[in-house]
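Written below as structure tokens is the structure these notes are about.
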Amino acid sequence: MDVVAVSATDLIGLKLKSVSQKIKNILEENETVTVTNCDLLNGIASGLMRGEVIIKGSVGNYVGMLNSGAKLIIEGNVGKYIGDNMIKGEIIVKGNADYCAAPYCYGGIVIIKGTCGDFLGTMNKGASILVEKDAGNDLGTYMLAGNIILLRNAGERVGNYLISGRIFIRGKWKSLGNNTKIEDLSSDDIYFLQKFFSTYKIEAKPEEFTKIIADTDKPFYSKKS
Amino acid sequence: MPILGAYCVNIDYERCTHCGTCVEVCPYKVYEKDDENRVRIVNDMACVGCRICMEFCPNNATHIKPAEPEYFSRSLWTFQTVEHIHFQAQTGKYLLRGFGTSRIIPHFDDLVIIPSQLASPPPLDKYREDCDVSVIIGEETVKYPIKLKIPIIFGAMSFGALSKEAKMSLAIAAYKMGTIANTGEGGALNEEYPLVHGYNTLKELEASGKANPHPCNGGYLAVQWSTGRWGVNLDFLHNADAIEVKIGQGAKPGMGGHLLGKKVVEEVARVRGIPIGTDALSPPRYYDAISPEDLKVQIEIIKDITDHKVPILIKLGPSRPYHDVKIAVELGVDAISIDGMVGGTGASPESVTQHAGIPTIACIPPAVKALKDMGFYRKIKLIALGGIRNGVDAFKALALGADAVGIGTAAEIAMGCRACMACHQGICPYGITTNKPELRARLDPKKTSQRLANLLKAMTDEIKIFTMLSGHRSIKDLSKEDLRALTINAAAITGVKLAGLDRPYPQIWEDYQ
């Protein structure tokens, strides 16, 4: 396994380009690359289509933006907007995630072992996102497809203006957002959760969760009065 | 219903043969056939003035005329205002419509072009001499700059808001004229990229081995990175000849995009990655960039992913152009598009279109000043959009300081639009702003693209005429000295000298000279 040690020179100018190039070069010949000392760097491991990137320690904002097939493992905390606009692949954060984790994702898996800030999974269009601890306000705002699974508590306005997709919460929430409703878990939901928990070794049972879905798929101007 | 009941519908029964063509072609259900198979007007209030019935009537029997405005007799309570209130009272909804503002605001018509005589270099001969109208975007910053053959590009109009055939027409016309077609924020059609480079299909393009990767063949495809992020993936960015980061637009600055559910048919839903029939409302701001600093990082990452091979554009709505442009420069873009409030859209709350933003001619001088103050004038290219109708408007925008102009509404009209402003309804009878197959079939991309190319050619010729009669050999030499303002308002907001007075009005605007 090759290691990219982000140098002091890289960090002085936050030279994303040089770090990205190093990662890409290593992934051309190796399956895995480890990156260290990048806690101030934004946008690392963006736009990758294959390979596995292990980031030692914490990292800045926009990690794995437009990820299109790579597996990213971050061993510390991440800044804002992790996995922004992900298409496919996996991102696993062993620490906490800041504001607006996994926005605009079309697909892929995001797992956050710690807590996450407000606006988790905003405008999710197909990714499956799991957070093991608490999430902030506005979880799943304007979500159009995909799944958000929260093992502990959420804040205000859960699923605000949800259009489609599913939100599963095991803990409590302060308030639900507009255009949401609670529905019993179907057999499909239970199968999906069981498979997901088994794949990612999550200790949880589907029946412990509440499912939140959209009340209508037309909450805006086209709403039938 | 842009203006309810604004048109009088008449059938001349001496000519009418009751063939039913009007019943068939009118998507607004104005006409019906009665039990005796005779054509009747059943809902003249629904007429939007598109005049498709007049186009198709074989006997010239249908007539659409504007209703009397009654402005003088009712003062503030015009016909339009009264009907607007009735609509809100009946439905509890605000009125939506297409197009830009219909208010009378300072516009390019308030400026005139100053020909060259004795006090300036003599005019040049349009028929026997050359005039440089080319524009290069990203000349010193990217590997594959955009080399526009003409200073006119197509503004961003999304698939979904526009039909597939309309988008294809724009792409073909961009190829023919060596200019930019823009995906808008709705993702890219598979057909757009090959067509803009002169190929019919992606397969044909790939087989040629020429156009992918760059440099470009023919026209250029700009893709839009927007707040809804519809249809954005790596291929979308890698195939682009330019990437435009959308902040706002002229018709509804600060509001994001509106694509009503009735226009989100299967293919639109697939390209955008959303459920069929749902309203696609882009947020007004980036959820994933809550400050200019974040946006700067985001742009840096886009450049990193694409190796900054192609220019990054940013599109601003009409707000505080001086300050907005200064921030845009700091974001590291290669060109700035600024869209005045006259700019059009497929759907917007009418009140926003009419009242939010500033005129296009008020956007350009402060933007130019910001670029000059930052030392980037003519390096970062300024593209003016919003109500550019012809080569005359385009020339005036260039003389105010823009490097190029963009057209959207004028392009739609060239495709056949009659400006009925009902684009949001999704039943455009000319097949432009609709996704209904039977209406789309009325628009032939081959013929329509030629009309678009003709418009661009004529506009470019007009720009050349005015450039040369002003004594210049290149559009890069144009300045506000080539214009005079006809009104105090236009002089005050542009810094152009008032005609006759021959100095800026008021003096404070001399800063912009």
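The values are calculated or read from the model by the stated rules, or taken from the named source; none is laboratory data. Treat the numbers as computed from the prediction; the structure is a model and nothing was measured. Note: ideal-geometry Cβ built from the backbone for every residue, glycine included; neighbour counts use all protein chains shown. Ligands, DNA and RNA are stripped out before the accessible areas are found, and what is left, the full protein with its side chains, is counted by its heavy atoms. Shrake-Rupley method; radii C 1.70, N 1.55, O 1.52, S 1.80 Å.
Couple of notes before you dig in:
- Sites matching chymotrypsin sites (Phe, Trp or Tyr not before Pro) across segment B:9-73 that sit in DSSP coil, with at most 13 neighbouring C-beta atoms within 10 Å: B:13
- Segment B:423-468 has equivalent-ellipsoid semi-axes of 31, 12, 5 Å, by the square roots of 5 times the alpha carbon gyration tensor eigenvalues, sorted largest first.
- Given B:65/B:263; B:309/B:381; A:80/B:252, the pairs whose alpha carbons are separated by over 26 Å: B:65/B:263; A:80/B:252
- Interatomic Cα distance distribution for chain B, bins of 10 angstrom, percent: 4, 18, 29, 26, 16, 6, 1, 0
- The mean sequence distance of close C-alpha pairs (under 8 Å, at least 6 residues apart), as a share of the length of chain A, puts its relative contact order at 10 percent.
- Of B:374, A:65, the order by accessible heavy-atom surface (1.4 Å probe, DNA, RNA and ligands excluded), from most exposed downward, is B:374, A:65.
- Pairs of C-alpha atoms in segment B:61-160 farther apart than 16 Å represent 82 percent of all such pairs.
- Buried accessible surface for the A/B pair, both sides summed and rounded to the nearest 100, is 3200 Å² with a 1.4 Å probe.
- Axis of helix B:321-330 versus longest Cα principal axis of chain B: the two differ by about 60°, to the nearest ten degrees.
- Span per principal axis, largest first, for the Cα atoms of segment A:121-225 (Å): 44, 26, 22
- The DSSP beta bridges internal to segment B:111-477 are antiparallel in roughly 15% of cases.
- Quick note on segment A:1-95: its Rg to Rh ratio, both from C-alpha atoms and Rh being the Kirkwood radius, is 0.92.
- Relative to its Kirkwood radius, the Cα radius of gyration of segment B:150-291 gives an Rg/Rh of 0.97.
- Each Cα pair under 8 Å and six or more residues apart adds its separation to the average, and for segment B:250-356 the resulting relative contact order is 36 percent.
- For segment B:291-398, alpha-carbon Rg and Dmax in angstrom: 14.7, 42
- Accessible surface for segment A:1-143, divided over its residues, is 32 Å² per residue with a 1.4 Å probe.
- Diffusion coefficient, µm² s⁻¹, Stokes-Einstein with Kirkwood Rh over alpha-carbon pairs of segment B:7-93 at 10 °C and 1.306 mPa s: 110 µm²/s
- Bridge type composition, segment A:121-225 - antiparallel percent by DSSP, nearest 5: 40 percent
- List B:323, B:197, B:238, B:107, ordered by accessible area with a 1.4 Å probe, largest first: B:323, B:238, B:107, B:197
- The figure for residue A:59 is an accessible area of roughly 10 square angstrom, using a 1.4 Å probe on the protein chains alone.
- Here the relative contact order of segment B:393-513, from alpha carbon pairs under 8 Å that lie six or more residues apart, stands at 21 percent.
- The C-alpha radius of gyration of segment A:22-161, expressed as a fraction of 2.2 N^0.38 Å, stands at 0.96.
- Only protein heavy atoms count here; on that basis, with a 1.4 Å probe, residue B:308 has an accessible area of about 40 Å².
- Listed cross-link partners B:296/B:326; B:149/B:379; B:262/B:447; B:147/B:457 are compared with a 20 Å cut-off, the Cα-Cα value being larger for B:262/B:447.
- The percentage of C-alpha pairs in segment B:101-173 whose separation is greater than 17 Å is 73%.
- Convex hull volume per residue for the protein assembly as shown, taking Cα atoms only, in Å³: 190 Å³
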